[in-house]
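Undergrad: Structure incoming, see below.
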Amino acid sequence: MRIGVLAVQGDVREHLNALERLGVAAMPVLKPGDLAGLKGIVLPGGESTAMWRLMQATGLAEALKRELSGGLPAFGTCAGMILLAKRITNWKETFLGLLDIAVERNATGRQVDSFEERLSVDGLGEVPAVFIRAPLVVEVGPGVEVLARWAGRPVLVRQGRILAASFHPELTQDTRVHEYFLSVCRKE
Ligand code: GLN
């Protein structure tokens, strides 16, 4: 099974490593043609605004939106969650706008305010989670399942084939959230 990792900016290598540890062929995605043959795509942490600008310049923004609308499974972490969200409460634009949640960018503060927590994830048990300038979900639509919360706020959500985390599972050695995403991709 071939899984892509959006590779224009952000912590691409960490996601490729996590996927490789799970035995799938993980491919960096830099241009529209790289989307061919993928069974799923990971949108990494980084800087959502920078990623979007770079994706627009190559046509990848449009091509990815088309693939995701057509049912390609996606897993966004942190900036990736922001790229997927339908609404961003403190930013002037939205990006892919396919996941029915509203997020507040940088809601956990600055880089120096980063922290690690253990979260209780539905069906997975306790999972370590690193939060870095994390978005928090402030609204979820009716079709969105909340799989984990931190401080009462949803931090891992799923809407059909789209999974999104406020935190960075790729920065820990625990691959269960990636494994969960692969189970979504296998069903397609
Ligand atoms: N603040 C970043 C953004 O808005 C996300 C931070 C992260 O991915 N660690 O894109």
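The values are calculated or read from the model by the stated rules, or taken from the named source; none is laboratory data. Given the structure is predicted, the values throughout are model-derived calculations rather than measurements. Note that each Cβ is placed from the backbone with ideal geometry, even for glycine, and that neighbours are counted across all protein chains shown.
Undergrad: Which of (1) outside any strand (DSSP E or B); (2) farther than 24 Å from residue 12 by Cβ; (3) modelled with pLDDT of 95 or more is the odd one out, the single condition residue 126 does not satisfy?
TA: (1)
Undergrad: Condition (residue is without any contact (Cβ under 8 Å) to a residue 24 or more places away in the chain, of a type outside the set (S, T, N, Q) and closer than 22 Å to residue 21 by Cα) applied to the range 135-154: is it met by at least one residue?
TA: No, the range 135-154 contains no residue that is without any contact (Cβ under 8 Å) to a residue 24 or more places away in the chain, of a type outside the set (S, T, N, Q) and closer than 22 Å to residue 21 by Cα.
Undergrad: Among the residues of the range 131-155, write down those that are more than 16 Å from the ligand (Cβ to nearest atom) and within 20 Å of residue 111 (Cβ to Cβ). Break it down stepwise before answering.
TA: At the first step, the residues of the range 131-155 found to be more than 16 Å from the ligand (Cβ to nearest atom) are 139-149, 151-152, 154.
Answer for the range 131-155, where residues must be more than 16 Å from the ligand (Cβ to nearest atom) and within 20 Å of residue 111 (Cβ to Cβ): just 151.
Undergrad: Same structure again: Considering only residues that are more than 11 Å from the chain's Cα centre (by Cα) and part of a helix (DSSP H, G or I), look in the range 147-176 and name the one that is farthest from residue 134 (Cα to Cα).
TA: This residue is 176.
Undergrad: What's the number of the condition residue 114 fails, among (1) within 10 Å of the ligand (Cβ to nearest atom); (2) under 23 Å from residue 158 (Cβ atoms); (3) hydroxyl-bearing (Ser, Thr, Tyr)?
TA: (2)
Undergrad: Suppose we filter the range 132-170 for residues that are crowded, with 17+ Cβ neighbours inside 10 Å and more than 16 Å from residue 81 (Cα to Cα); how many remain?
TA: 0
Undergrad: State all residues of the range 44-55 that are near the ligand (Cβ under 10 Å from one of its atoms), touching a helix residue (DSSP H, G or I) at 6+ places or on another chain (Cβ under 8 Å) and on the phi < 0 side of the Ramachandran plot; if no residue qualifies, say none. So that I can check it myself, show each step before the final result.
TA: In the first step, residues of the range 44-55 are kept if they are near the ligand (Cβ under 10 Å from one of its atoms); the result is 44-52.
Subset that is touching a helix residue (DSSP H, G or I) at 6+ places or on another chain (Cβ under 8 Å): 44-48, 51-52.
Listed by number, the residues that qualify are 44, 45, 47, 48, 51, 52.
Undergrad: Can I ask one more? Using the structure shown, decide if residue 129 is under 21 Å from residue 20 (Cα atoms) and buried (at least 20 other Cβ atoms within 10 Å of the Cβ). I'd like the intermediate steps shown before the answer.
TA: Details: under 21 Å from residue 20 (Cα atoms): yes; buried (at least 20 other Cβ atoms within 10 Å of the Cβ): yes.
Against the criterion (under 21 Å from residue 20 (Cα atoms) and buried (at least 20 other Cβ atoms within 10 Å of the Cβ)), residue 129 qualifies.
Undergrad: Being under 25 Å from residue 94 (Cβ atoms), of a type in the set (A, V, I, L, M, F, W, C), within 16 Å of the ligand (Cβ to nearest atom) and at pLDDT 95 or above narrows it down to one of 5, 29, so name that one. Step through it out loud before you land on a result.
TA: Numbers: 29 fails: within 16 Å of the ligand (Cβ to nearest atom).
Being under 25 Å from residue 94 (Cβ atoms), of a type in the set (A, V, I, L, M, F, W, C), within 16 Å of the ligand (Cβ to nearest atom) and at pLDDT 95 or above holds for just one of 5, 29, which is 5.
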